[in-house]
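Structure, as structure tokens:
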Amino acid sequence: MLMKLLQSQVQRLSLHQLQSIEMLQLSTQELDAYIRELSLSNPLVEPDEVTPSSPEGRQEDDLLRKLKWLEDNDYQNRFYQRVDDDELDPLALLPSDGGLEETLFRFLSRQVHQLGLSESMAQIVRYLAACLDDNGYFRIPLEELSQNSSIPVSKLEEGLTILRRLEPAGVGAADLSQCLELQLRRIHETGPALSIVRCYLPLLAKRHYRDIAARLGITQEEVLQAERLIRELEPRPGAVFQQPEQIPYILPDVFVEEDETGRLIARTRRRERPPFRINSYYRQLLSESQDKEVKEYLTDKLRQAEGVLSAIGQRESTLQRCAQVIVDRQAAFFRQGPQALLPLRMSDVAEELELHESTISRTVREKYLQCSKGVFPMSYFFSRAATAGGDAPSFGGTAARALLRRLIDGEDKSKPLSDQKLCELMAQEDCPISRRTVAKYREELNIPSAFARKVR
């Protein structure tokens, strides 16, 4: 009897853990849909209805007004709603509902807008971005696309090269191997990890470490080190973004505000109240009914509803704690913009919160953060270091490129800055990178050399 009781307790614990994991990785839209479906099968689940006259309703009105202010004063959100006048643009036929949604296409489009490309090339790059699959891969043969669009293959190749230089790293790859290779090249990796993703991914998946080591002429420990690096990469760079055909709009999960002391505070959408109530009528019926079948049925449904509420509460707590760490670590971004974005790994947040890295990954999955700079996927704030030198703070690739762009935009056009001078100026800004890296980032931003930029 005791053994059966212990087994029952372990089973309930496991089910609760699984339920907590399920709730944690749900987006706001997915959670709302889950609760609606649950209410159809569980009479004790009463979705929270907010009326304009209630305190909760007035609170929601205040939130909506705040969101409207953020949207009106945010360049990013205004750009979302920008409409091209060129009727010949093939992207003009794409659906656009406006609002705060962050799709992969819109994320890439904003970057294209900042590159200073010719209008024709910008259209080609956006056209290619629209052809990416949900994972961010480009799988359409260029010859086929050329026939359908009447764009020369050479122009498509040029556009695809530009697309593959954009964030997130790995976007536009033809397959997994190329996706991982693009990410490794972005961080200037030249070790065995690069050779493994090129030629030996199937062997790595089967954990044939000895075979890989023999073929590359390295030790098994070096293979294991390379594997750890590869596992930190994103195999589906486009998957963190919403798919417009599935979700027509975004409800940000986290809002960033300043408190009275000027500290940046992260709060979740559901901080104030749960998404549903336990129906009081059926709760009373459970306590008063003498019918055994009724009591068993309602007891089971009550246990289910309370379990979901507990899991949602844990979800909100974990999300808020994770978001606050991100805000604290990336405080400069929220005050200065993308140029101040610092490298941050999920393992760093996991260590600070004393959670497993997989928990952080589930927490940020399809979650969005609203701040004065716009709406961003929470995964946006995680990146590897682009630079590191002595005691100088590390810069992420996004921040380093933003700094480079700012320096070039502010230069004397009659005496443009050389790559070496840019290297020196970036070092003075606590971003010490090599001249070769400066040249690489400049090319990725489609900025000509100093000689070509000189105004005569």
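Summing Lys, Arg as +1 and Asp, Glu as -1, what charge do residues with Cβ under 13 Å from the Cβ of G410 carry, G410 excluded?
Values: positive: R405, R406, K413, K415, K421, R453; negative: D409, E411, D412, E429.
Charge balance near G410 sits at +2.
Lys and Arg at +1, Asp and Glu at -1: add these up for the other residues within a Cβ distance under 11 Å of L156 and post the number.
On the way: positive: K155; negative: E143, E144, E157, E158.
Residues near L156 contribute -3 overall.
So how much slack lies between D291 and R406, counting 0.36 nm per residue of separation and subtracting their Cα-Cα distance, in nm? Walk me through the numbers on the way to the answer.
Working: separation 115, 0.36 × 115 = 41.40 nm, distance 7.42 nm.
Full extension of this stretch gives 34.0 nm more.
For a quick check: sort R185, R406 by the number of other beta carbons within 10 angstrom, fewest at the front. All intermediate terms of the calculation are to be shown ahead of the outcome.
Details: R185 15, R406 12.
With the sparsest Cβ surroundings first, the list reads R406, R185.
At a Förster radius of 51 Å, what calculated FRET efficiency corresponds to the Cβ-Cβ distance of S317 and K413, to the nearest 0.05?
Numbers: r = 53 Å, r/R0 = 1.04.
So the FRET efficiency works out to roughly 0.45.
For Q336 and R303 in one chain, what is 0.36 nm times their gap in residues minus the Cα-Cα distance, to one decimal in nm?
7.1 nm
For Y368, what residues show an amide H to amide H distance below 5 Å, using hydrogens built from the backbone and excluding near sequence neighbours?
Correct list: D253, V254, M378.
Please list the non-local residues whose amide H lies under 5 Å from the amide H of F276, H modeled 1.01 Å from N, same-chain partners needing a gap of 5 or more.
D48
Write out the trypsin sites (Lys or Arg not before Pro) in the stretch 259-356 meeting two conditions: DSSP loop, and at most 14 other Cβ atoms within 10 Å of their Cβ.
On the way: sites: R263, R267, R269, R270, R271, R277, R283, K292, K295, K301, R303, R315, R321, R329, R335, R345; in loops: R263, R269, R270, R271, R345.
Hits after loop and neighbour filter: R263, R271.
Under 5 Å between amide H atoms, partner at least 5 residues away or on a different chain: which partners does A239 have, H built in plane at 1.01 Å?
Amide H to amide H, under 5 Å and 5 or more residues apart or across chains, A239 pairs with nothing.
Can you put E30, E234 in order, fewest other beta carbons within 10 Å first?
Details: E30 16, E234 19.
Result, fewest neighbours first: E30, E234.
Under the Karplus relation 6.51 cos²θ - 1.76 cosθ + 1.60, θ = phi - 60°, what is the ordered set of whole-Hz ³J(HN,Hα) values for the stretch 113-123, x standing for Gly and Pro?
Taking θ as phi minus 60°, the curve returns 4, 8, 7, x, 6, 4, 4, 5, 6, 4, 5 Hz for the stretch 113-123.
Determine, for Y441, Y282, the number of other Cβ atoms within 10 Å of each Cβ, and report the residues in order from fewest to most. Numbers along the way, then the final one.
Numbers: Y441 23, Y282 20.
Ascending Cβ contact count within 10 Å gives the list Y282, Y441.
Read-outs: derived from the displayed coordinates by stated rules, not from any lab. Computed from a predicted model, the values in this text were never measured in an experiment. Cβ: placed from backbone, ideal geometry, glycine included. Neighbour counts: every protein chain shown.
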